[in-house]
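Written below as structure tokens is the structure these notes are about.
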Amino acid sequence: MPADRNDEIHKSLREHLAWWGLRHIESDAAYFSWQREVFTAEDLAALHRSIEAKRAATGGSSADIAFYDLTAQSRFIPALYSQRYEYYLEVGLRIAAQLEGAQTVLDAGCGIGLLTTFYAQRCPGATMVGIDRSPASIALARQRAQELGLSNVRFECLDMDQHELSGRYDLIVATHALLQAEQDPGLPSCGWQDFNRDLDARAQSDFEQRTRVGLRLDRLRHVLAENGRMILFEKTRQLARRVPFQRALAARGLALLLPPEPIRYRSIEEVTDDGPLYVTGLGSSSNVLPWDEWPEPDGAPPLHVEQLQSVRVAQDQPLYENHEASAQQAWRDLPAKQVVAQVTRKETDGRQLHVEWGWAGEFAYLYCANTFDQRQLVVVDQARSAMLETYYQEILGEPSMSKQGMVR
Ligand SMILES: C[S@@+](CC[C@H](N)C(=O)[O-])C[C@H]1O[C@@H](n2cnc3c(N)ncnc32)[C@H](O)[C@@H]1O
């Protein structure tokens, strides 16, 4: 997309976010000070309780609806939703750029309509429909659309899990709405040694049912016009979630029209990486791209063992450390590898975990891998090899190779 077009969309998006009362805050200190001005202690306690209830709920939707109802109060919007300021900029920009030519647009799981109203403003000739199962979110969306004088958008309170959708749309948008079951780890790889996933219809169907993404996609697909497009952005950074999500799309005839675009944005000071935004469609088989089931290039430094001798680090630091998918290749390429100890076992959550430590010439290494795509390679000099033995025991003492349990 031309840079000046991007700039123009961003400018109007910033104005739109400001109209909603959102601010671009970049420091935690400034953000928390604003929160203290806006929220009472009771407000914060209620929000925390609601977040916990939403996290703890397995399968049910009532805690989820209660959470979005609570956060849709007008007085909460500026401070709460400003945390997602950059998310709105990144997602809003990409979707706004795809709106051209669309006559009927559905925003599925539109929340308070913050982005839906932006799309409606940009495309006065198109009809927009936003649906969401949170009544308070829909009430606020309707009120704000009216205040903005928008006559080309309407909002409906509807739960996609409970009801069929009606209408015909040539563009359907769903952002952070279909695969929010964040605790679901996804589909494990065939083994700790690779990232492949078998085409296992049963495991795929279990994933689609557990997360409800199958039913939601079926219902959206049902109202997608012939040659229609669907733009999706969900939390699929981990390959274990991305692969079954992509397979669910492909199984419904949705083909990739543009290269998936990984989106990273900051939530105040924290960088969030949710995985790719997909532009898919029901078009002909020409001009479509293949689905890729491999890890993205991760940018971790390559390992050159022959250069480690000259690396200078603090006493408690490793000479080399890689926590990304590319650690697998670096481990495979370790020269003169001699394993001292290794364990491969099944964890209580079903994942297979492999941990080993050993020598690569004069250097000691520790390698961990599991079937949910986590990889970790640490290399130290001889003097620090006891440190790796300790890490090795610690990891085996952990119930699973969680991020926290990894060597950092
Ligand atoms: C994280 S918010 C995202 C809102 C908006 N799409 C955005 O990008 O800012 C997720 C929204 O999806 C809605 N949602 C989740 N499951 C739904 C379902 N089965 N039917 C309708 N709405 C749903 C929730 O109520 C919530 O408002």
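The values are calculated or read from the model by the stated rules, or taken from the named source; none is laboratory data. Note that the structure is a prediction, hence the values are computed from the model and not measured. Note: ideal-geometry Cβ built from the backbone for every residue, glycine included; neighbour counts use all protein chains shown. The accessibility values were calculated without ligands, DNA or RNA, using every heavy atom of the protein model including side chains. Shrake-Rupley method; radii C 1.70, N 1.55, O 1.52, S 1.80 Å.
Per residue of the range 3-9, what does 6.51 cos²θ - 1.76 cosθ + 1.60 with θ = phi - 60° give for ³J(HN,Hα)? Whole Hz please, x for Gly and Pro, Karplus curve as stated.
Karplus values, whole Hz, x for Gly and Pro: 4, 5, 5, 3, 4, 5, 5.
Measure off 7 Å from each Cα along the Cα-to-Cβ vector at Ser62 and Glu226, then give the distance between these two points in nanometres to one decimal.
That separation, rounded to one decimal, is 4.5 nm.
Could you tell me which residue out of Leu254, Phe233, Tyr265 lies farthest along the dipole of the range 168-282 toward its positive end? Charges go on the beta carbon: Lys and Arg +1, Asp and Glu -1, centred on the Cα centre.
Sorting the options by dipole projection puts first Leu254.
Of all DSSP beta bridges in the chain, what percent run antiparallel (nearest 5)?
Values: 41 of 60 bridges.
For the chain, the DSSP antiparallel bridge percentage is about 70.
Per residue of the range 200-213, in order, report the coupling 6.51 cos²θ - 1.76 cosθ + 1.60 (Karplus, θ = phi - 60°) as ³J(HN,Hα) in whole Hz, putting x for Gly and Pro.
Calculated HN-Hα couplings, in order: 9, 4, 5, 5, 5, 5, 4, 4, 5, 6, 4, 8, 6, 5 Hz.
With a 1.4 Å probe and all protein chains kept in place, how much accessible area does Ser74 have, in Å² rounded to the nearest 10?
60 Å²
Using a basic spin-label model with each label point 7 Å from the Cα along Cα→Cβ, how many nm lie between Asp161 and Arg75?
3.1 nm
Counting helices only, and only those DSSP H runs with n ≥ 4, report the 222 nm mean residue ellipticity of the chain as the sum of -39,500 (n - 2.57) divided by its residues, in deg cm²/dmol to the nearest 500.
The helix-only estimate for the chain comes to -11000 deg cm²/dmol at 222 nm.
Excluding Cys110 itself, calculate the net charge of residues whose Cβ lies under 10 Å from the Cβ of Cys110, where each Lys or Arg counts +1 and each Asp or Glu counts -1.
Charge balance near Cys110 sits at -3.
Per residue of the range 143-155, in order, report the coupling 6.51 cos²θ - 1.76 cosθ + 1.60 (Karplus, θ = phi - 60°) as ³J(HN,Hα) in whole Hz, putting x for Gly and Pro.
4, 5, 5, 5, 4, 7, x, 8, 10, 9, 9, 9, 10
For the chain, what % of the accessible area comes from carbon and sulfur atoms, probe 1.4 Å?
49 percent
Taking +1 at the Cβ of each Lys and Arg and -1 at the Cβ of each Asp and Glu, which of Asn322, Gln374, Ser385 sits farthest along the dipole of the range 305-397 towards its positive end, judged by Cα position relative to the Cα centre?
Working it through, the farthest residue towards the positive pole turns out to be Gln374.
What size of dipole, in debye to the nearest 20, comes out for the chain about its Cα centre when the only charges are +1 on Lys and Arg C-beta atoms and -1 on Asp and Glu C-beta atoms?
On the way: 43 positive and 56 negative charges, 163 e Å.
I would put it at about 780 debye.
Please work out how much length the chain gains when fully extended from His48 to Leu215, using 0.36 nm per residue of separation minus the C-alpha to C-alpha distance, in nm with one decimal.
Stretched fully, the His48-Leu215 segment lengthens by 57.1 nm.
Given H placed 1.01 Å from N in the peptide plane, which residues other than close sequence neighbours of Gly228 have an amide H under 5 Å from its amide H?
Distant-sequence amide H within range of Gly228: Leu282.
What does the net charge come to around Pro262 if you take all other residues with beta carbon closer than 13 Å to its beta carbon, with K and R at +1 and D and E at -1?
-3
In whole angstrom, how far apart do the alpha carbon centroids of the range 263-277 and the range 78-128 sit?
Using only Cα atoms, the two centres lie 18 Å from each other.
Quick one: work out the % antiparallel among DSSP beta bridges in the range 89-281, nearest 5.
40 percent
Relative contact order, percent, of the chain when contacts are C-alpha pairs under 8 Å separated by at least 6 residues? Each step should come with its number before you reach the end.
On the way: 697 pairs, mean separation 46.9, N = 408.
With pairs under 8 Å counted, the relative contact order is 11 percent.
Using Cα pairs closer than 8 Å and at least 6 residues apart in sequence, work out the relative contact order for the range 305-397, in percent.
Over the range 305-397, the number comes to 28 percent.
Gln393 label point, 7 Å along Cα→Cβ, cut-off 19 Å on backbone N: hits in the range 347-374?
What the label zone holds, given the 19 Å backbone N cut-off, is 355-359, 364-368.
Expected output is a single nm value to one decimal: the length gained when fully extending between Glu270 and Gln317, i.e. 0.36 nm times separation in residues minus the C-alpha distance. What is it?
Contour length minus Cα-Cα distance gives 14.5 nm.
Return one whole number: the accessible area per residue of the range 89-281 in Å², for a 1.4 Å probe.
39 Å²
Working from Cα positions, state the angle (0 to 90°, nearest 10) between the long axis of helix 62-71 and the longest principal axis of the chain.
70 degrees
Hey, how many Å between the Cα centroid of the range 207-261 and the Cα centroid of the range 1-44?
Each part reduced to its Cα centre gives a spacing of 29 Å.
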